[in-house]
Structures are given as C-alpha cells and as structure tokens.
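Engineer: Please find one structure pasted underneath; my questions will follow.
The values are calculated or read from the model by the stated rules, or taken from the named source; none is laboratory data. Note that the coordinates shown come from a computational prediction; the quantities given were computed from them, not determined experimentally. No Cβ is skipped: glycine too gets one built from the backbone with ideal geometry, and neighbour counts run over all protein chains shown.
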Amino acid sequence: MSQSPPPPPYGSPEPGAPYVGHYPGVSPAQARGADGLTSEERTWGGAAHWSALVGSAFGLAFLGPLVVMLVGGDRSPWIRRQSVESLNFQLSMLLYATVGGVLAVVVAIVTLGLGVLLVLPAALALGVLWLVLTIIGSVRASGGVDYRYPLTIRFLS
C-alpha cells in the first residue's frame, strides 16, 4: 500500500496551483497585477487624483496633479495619463469657477444683489461635483482603473 504525500503546510499553494505570492528576486512593487500595473503605478495614479484634494486646502487643486505629472509622469505612461487627466479636470474646474464668479458679480450688480440667490446654488453644486468626482477618480485610479472625468476640457494630452 502506498502512502499519499503529506499535505502542504498551511498557507502553501496546492501542487500545480499557480503561484500568487512573492516571486523570488521581484519586489512587490515590481510585480504586475491582473490589470498590468504595478502597485507603485497604482499608488502614483491615485496620488494624481487625491493630491488635488490636498492642494485644494491651499486653493491650488491643480498643483498636486502637476507635481505628480512632473515627478512620476516619466515612470509610466499610465501615471502620466492619470496625472494629465486629473490636471485637465482641475484646470477645467478652476476655469468654470472663475467664469462663474465673474458672472455672479455681474449678475449681482445688475440685479442689485438678488442675482446672488440664483448663482449661489450653482456655485455650491459645482463645488460638490468637484469633490465627488475627485474622490471617485482617486478611488478608481488607486484600484488600477483608467479614469476619465466628465465635463473636462483637454488642455494637455
């Protein structure tokens, strides 16, 4: 009677199963996931989006994506694509807010202040839209999804 081999130790892959753990000589940052991206690329891609939230604390939401593009954009085409996408969105929102602010002042002057009641909800909606889309972009890019913002003027490519 032949004996079957002992089971592999806990946590070891079954014989013949694909190896999913750490490959010898390859750091986890260099290992490509199912999406074809390294964890470093996903981190930089997510940073291209969430850095806009950090930059908005100083009123310069476009600055974070710009820094990511300049520092990490040459590491990978995907990082550059995400940073350019985020930068285009932040510049578009800055343009929309500037034009909206000028229109708000003009409408307020023409209508003796009553027009502000119409413009204020639009400004609030633009701010909420910016926040929600920036968070969605951050989460998607961190997960390896090539995210594209709606309502974006493509200043850079």
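Engineer: Could you tell me whether the range 120-138 includes any residue that is of a type in the set (Gly, Ala, Ser), within 16 Å of residue 51 (Cα to Cα) and touching a helix residue (DSSP H, G or I) at 6+ places or on another chain (Cβ under 9 Å)?
Structural biologist: We begin by selecting, within the range 120-138, every residue of a type in the set (Gly, Ala, Ser); these are 122-123, 125, 127, 137-138.
Among the residues that remain, those that are also within 16 Å of residue 51 (Cα to Cα) are: 137-138.
Those left that are additionally touching a helix residue (DSSP H, G or I) at 6+ places or on another chain (Cβ under 9 Å): 137-138.
Yes, because at least one residue in the range 120-138 is of a type in the set (Gly, Ala, Ser), within 16 Å of residue 51 (Cα to Cα) and touching a helix residue (DSSP H, G or I) at 6+ places or on another chain (Cβ under 9 Å).
Engineer: Follow-up. Checking residue 59 against (1) in a loop (DSSP other than H, G, I, E, B); (2) under 15 Å from the mean Cα position of the chain (by Cα): exactly one of these is not met. Which one?
Structural biologist: (2)
Engineer: Moving to a separate point now. Check the range 85-96 and report whether any residue there is under 28 Å from residue 42 (Cβ atoms), surrounded by fewer than 16 Cβ atoms within 10 Å (Cβ to Cβ) and in contact with a Phe, Trp or Tyr (Cβ under 9 Å, 6 or more places away or on another chain).
Structural biologist: First pass over the range 85-96, keeping only residues under 28 Å from residue 42 (Cβ atoms): 85-94.
Add one more test, that the residue is surrounded by fewer than 16 Cβ atoms within 10 Å (Cβ to Cβ), and what stays is 94.
This time we only want the ones that are in contact with a Phe, Trp or Tyr (Cβ under 9 Å, 6 or more places away or on another chain), so: 94.
Checking the range 85-96: at least one residue is under 28 Å from residue 42 (Cβ atoms), surrounded by fewer than 16 Cβ atoms within 10 Å (Cβ to Cβ) and in contact with a Phe, Trp or Tyr (Cβ under 9 Å, 6 or more places away or on another chain).
Engineer: Within the range 72-92, how many residues turn out to be among the hydrophobic types (A, V, I, L, M, F, W, C), out of contact with any Asp or Glu (no Cβ under 7 Å at 6 or more places or on another chain) and modelled with pLDDT under 95? Walk me through how you get there before you give the answer.
Structural biologist: Initially, the range 72-92 is screened for residues among the hydrophobic types (A, V, I, L, M, F, W, C), giving 78-79, 84, 87, 89, 91.
If we keep only those that are out of contact with any Asp or Glu (no Cβ under 7 Å at 6 or more places or on another chain) too, we end up with 84, 87, 89, 91.
So of that shortlist, the ones also modelled with pLDDT under 95 come out as none.
Here the count works out to 0.
Engineer: Let me ask something additional. I'm trying to understand the selection: among the residues of the range 98-119, which are outside any helix (DSSP H, G or I) and at pLDDT below 80? It would help to see each step written out before you state the result.
Structural biologist: Start the filter on the range 98-119 by keeping residues that are outside any helix (DSSP H, G or I), which leaves 111-115.
Of everything in the range 98-119, those that are outside any helix (DSSP H, G or I) and at pLDDT below 80 turn out to be 112, 113, 114, 115.
Engineer: Which numbered condition in (1) closer than 30 Å to residue 39 by Cβ; (2) in contact with a helix residue (DSSP H, G or I) (Cβ under 8 Å, 6 or more places away or on another chain); (3) not in a helix (DSSP H, G or I) is the only one that residue 93 fails?
Structural biologist: Result: residue 93 fails condition (3) only.
Engineer: Looking at (1) free of Cβ contacts under 8 Å to residues at least 40 places away in the same chain; (2) of a type outside the set (Phe, Trp, Tyr); (3) out of contact with any Asp or Glu (no Cβ under 8 Å at 6 or more places or on another chain); (4) more than 26 Å from residue 131 (Cβ to Cβ), which one does residue 33 not meet, given that it meets all the others?
Structural biologist: Going through (1) free of Cβ contacts under 8 Å to residues at least 40 places away in the same chain; (2) of a type outside the set (Phe, Trp, Tyr); (3) out of contact with any Asp or Glu (no Cβ under 8 Å at 6 or more places or on another chain); (4) more than 26 Å from residue 131 (Cβ to Cβ) one by one, residue 33 breaks only (1).
Engineer: Name the single residue, out of those in the range 70-84 being part of a helix (DSSP H, G or I), touching a residue at least 24 places away in the same chain (Cβ under 8 Å) and of a type outside the set (Phe, Trp, Tyr), that is surrounded by the most Cβ atoms within 10 Å (Cβ to Cβ).
Structural biologist: If we filter the range 70-84 for residues that are part of a helix (DSSP H, G or I), which is where we start, we get 70-72, 77-84.
Then keep just the ones that are touching a residue at least 24 places away in the same chain (Cβ under 8 Å); that gives 72, 78-79, 81-84.
If we keep only those that are of a type outside the set (Phe, Trp, Tyr) too, we end up with 72, 79, 81-84.
Values: 72: 20, 79: 25, 81: 19, 82: 32, 83: 28, 84: 20.
For the range 70-84, the residue satisfying everything is 82.
Engineer: Considering each residue of the range 107-138, count those that are in contact with a Gly (Cβ under 8 Å, 6 or more places away or on another chain) and without any contact (Cβ under 8 Å) to a residue 40 or more places away in the chain, and give that number. Lay out the reasoning, then the answer.
Structural biologist: Keep residues of the range 107-138 that are in contact with a Gly (Cβ under 8 Å, 6 or more places away or on another chain), which gives 107-108, 119, 122-123, 126, 138.
The next check asks that each one be without any contact (Cβ under 8 Å) to a residue 40 or more places away in the chain; those that pass are 107-108, 119, 122-123, 126.
Of the residues in that region, 6 qualify.
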